[in-house]
Ligand code: PAF
């Protein structure tokens with residue numbers, strides 16, 4: 001069956017309920033996106049399709065999470081290609097509302113406050129970004145929620161987020177836990193090119209030379225991962241020096257943090273052998289783009 005496009009919350013509700021009933025399904029999933037989809041999003045969608053009876057993907061470029069109006073305008077919009085990618089992944093429904101549908105009467109007066117976990121890392125250079133992202137995620141989670149109209153009891157409800165945006169994922173998990181959203185958040189591992197570069201819609205703005213230079217990010221993360229797996233001291237300083245030796249890369253941060261609080265785990269990073277669970281986070285500017293990457297550590 002071909003993928004179906006809906007643009008209003010009302011149609012989303014009726015169509016997802018109809019599909020759930022038609023399939024005799026007992027689970028529904030949401031894959032929130034801003035479009036400009038790549039293989040990383042395809043992996044999110046395929047994972048959701050493999051685990052749920054009805055899968056909804058949303059495509060909405062959320063003005064609340066952009067600092068500069070030019071960035072919002074410049075954000076790539078590729079609806080036809082996005083629909084083809086989601087269709088190939090087996091998604092049932094695409095919810096692509098316009099701004100007035102999501103924010104009737106203008107920007108919302110009440111918003112989600114992401115709190116102190118949003119002050120650091122990406123939040124430090126993008127004030128208000130995570131408040132805007134969580135506000136729309138809260139709304140999208142409500143739009144995508146299966147209704148009792150499905151007639152199959154209470155369907156399971158899952159939402160899929162990439163580990164690539166580690167801080168966003170941690171904040172969404174906290175919001176859902178702290179505010180009792182009835183949804184299971186499913187993290188999906190980062191998809192990389194064969195040379196290690198994490199897929200991102202921003203990679204298209206890198207020249208060949210900048211792209212080559214950007215590989216130092218995943219190389220440095222791999223170094224940390226290998227040390228963690230070997231239960232060696234992580235020696236974050238030497239990994240930082242590797243990144244800083246690349247002249248086209250301007251390092252913003254490279255830290256090892258607690259995956260639940262995003263606070264730095266300083267004692268694990270230097271002389272002592274690494275134990276436990278952590279997240280190595282990196283961000284750097286390469287030419288015109290800011291790139292982020294991370295690797296989960298678990299010894
Ligand atoms: O990760 C994204 O694409 C966006 O931040 C999200 C989760 C769709 C909210 O706009």
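With the checklist (1) on the phi < 0 side of the Ramachandran plot; (2) touching a residue at least 24 places away in the same chain (Cβ under 8 Å) in hand, flag the one item residue 194 doesn't pass.
Tallying (1) on the phi < 0 side of the Ramachandran plot; (2) touching a residue at least 24 places away in the same chain (Cβ under 8 Å), residue 194 fails exactly one: (2).
For every residue, the table says whether it meets (1) surrounded by 15 or more Cβ atoms within 10 Å (Cβ to Cβ); (2) touching a helix residue (DSSP H, G or I) at 6+ places or on another chain (Cβ under 6 Å).
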| residue | (1), (2) |
| --- | --- |
| 196 | yes, yes |
| 203 | yes, no |
| 214 | yes, no |
| 220 | yes, yes |
| 228 | yes, no |
| 231 | no, no |
| 237 | no, no |
| 240 | yes, no |
| 243 | yes, yes |
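Quick check on the stretch 130-144. Is at least one of its residues within 13 Å of the ligand (Cβ to nearest atom), in a strand (DSSP E or B) and modelled with pLDDT of 95 or more?
Here is the first cut: in the stretch 130-144, the ones within 13 Å of the ligand (Cβ to nearest atom) are 130-141, 143-144.
Going one step further and asking which of them are in a strand (DSSP E or B), we end up with none.
No, there is no match, as no residue in the stretch 130-144 is within 13 Å of the ligand (Cβ to nearest atom), in a strand (DSSP E or B) and modelled with pLDDT of 95 or more.
Here are 87, 92, 98: which of them is farther than 21 Å from residue 200 by Cβ, at pLDDT 95 or above, surrounded by 21 or more Cβ atoms within 10 Å (Cβ to Cβ) and more than 12 Å from the ligand (Cβ to nearest atom)?
On the way: 87 fails: surrounded by 21 or more Cβ atoms within 10 Å (Cβ to Cβ); 98 fails: surrounded by 21 or more Cβ atoms within 10 Å (Cβ to Cβ).
After applying the criteria, what remains is 92.
Any residue at all in the stretch 102-124 that is in contact with a strand residue (DSSP E or B) (Cβ under 6 Å, 6 or more places away or on another chain), more than 27 Å from residue 292 (Cα to Cα) and either free of Cβ contacts under 8 Å to residues at least 60 places away in the same chain or within 15 Å of the ligand (Cβ to nearest atom) (or both)?
Among the residues of the stretch 102-124, not one is in contact with a strand residue (DSSP E or B) (Cβ under 6 Å, 6 or more places away or on another chain), more than 27 Å from residue 292 (Cα to Cα) and either free of Cβ contacts under 8 Å to residues at least 60 places away in the same chain or within 15 Å of the ligand (Cβ to nearest atom) (or both), which makes the answer no.
If residue 169 meets every condition in (1) more than 22 Å from residue 13 (Cβ to Cβ); (2) in contact with a strand residue (DSSP E or B) (Cβ under 9 Å, 6 or more places away or on another chain); (3) touching a residue at least 40 places away in the same chain (Cβ under 8 Å) apart from one, which number is that one?
Only one criterion in (1) more than 22 Å from residue 13 (Cβ to Cβ); (2) in contact with a strand residue (DSSP E or B) (Cβ under 9 Å, 6 or more places away or on another chain); (3) touching a residue at least 40 places away in the same chain (Cβ under 8 Å) is unmet by residue 169, namely (3).
With respect to residue 79, is the statement that it is modelled with pLDDT of 95 or more, over 18 Å from the mean Cα position of the chain (by Cα), more than 14 Å from the ligand (Cβ to nearest atom) and buried (at least 17 other Cβ atoms within 10 Å of the Cβ) true? If you could, list the steps in order and put the result at the bottom.
Numbers: modelled with pLDDT of 95 or more: yes; over 18 Å from the mean Cα position of the chain (by Cα): yes; more than 14 Å from the ligand (Cβ to nearest atom): yes; buried (at least 17 other Cβ atoms within 10 Å of the Cβ): no.
Judged against the criteria, residue 79 is not a match.
Give me a count of the residues in the stretch 31-59 that are in a helix (DSSP H, G or I), touching a helix residue (DSSP H, G or I) at 6+ places or on another chain (Cβ under 6 Å) and within 15 Å of the ligand (Cβ to nearest atom).
Residues in the stretch 31-59 being in a helix (DSSP H, G or I), touching a helix residue (DSSP H, G or I) at 6+ places or on another chain (Cβ under 6 Å) and within 15 Å of the ligand (Cβ to nearest atom): 2 in total.
Counting only residues that are in a loop (DSSP other than H, G, I, E, B) and surrounded by 15 or more Cβ atoms within 10 Å (Cβ to Cβ), which one in the stretch 60-74 is nearest to the ligand (Cβ to nearest atom)?
Applying the first criterion (in a loop (DSSP other than H, G, I, E, B)) to the stretch 60-74 yields 60-62, 66-68.
Right, trim to surrounded by 15 or more Cβ atoms within 10 Å (Cβ to Cβ) and you get 60-62, 66.
On the way: 60: 6, 61: 8, 62: 4, 66: 10 Å.
Filtering the stretch 60-74 for residues that are in a loop (DSSP other than H, G, I, E, B) and surrounded by 15 or more Cβ atoms within 10 Å (Cβ to Cβ), the one nearest to the ligand (Cβ to nearest atom) comes out as 62.
Would you mention how many residues in the stretch 249-288 are over 22 Å from residue 114 (Cβ atoms), surrounded by 16 or more Cβ atoms within 10 Å (Cβ to Cβ) and modelled with pLDDT under 95?
Qualifying residue count, the stretch 249-288: 3.
Starting from residues that are part of a helix (DSSP H, G or I) and within 26 Å of the chain's Cα centre (by Cα), keep the ones in the stretch 230-257 and report whichever is farthest from residue 290 (Cα to Cα). Break it down stepwise before answering.
Of the stretch 230-257, the ones part of a helix (DSSP H, G or I) are 236-244.
Cutting the leftovers down to within 26 Å of the chain's Cα centre (by Cα) gives us 236, 239-240, 243.
On the way: 236: 21, 239: 19, 240: 17, 243: 14 Å.
For the stretch 230-257, the residue satisfying everything is 236.
The values are calculated or read from the model by the stated rules, or taken from the named source; none is laboratory data. These figures come from a predicted structure and were not determined experimentally. Please note: Cβ atoms are built from the backbone with ideal geometry, for glycine as well, and neighbour counts cover all protein chains shown.
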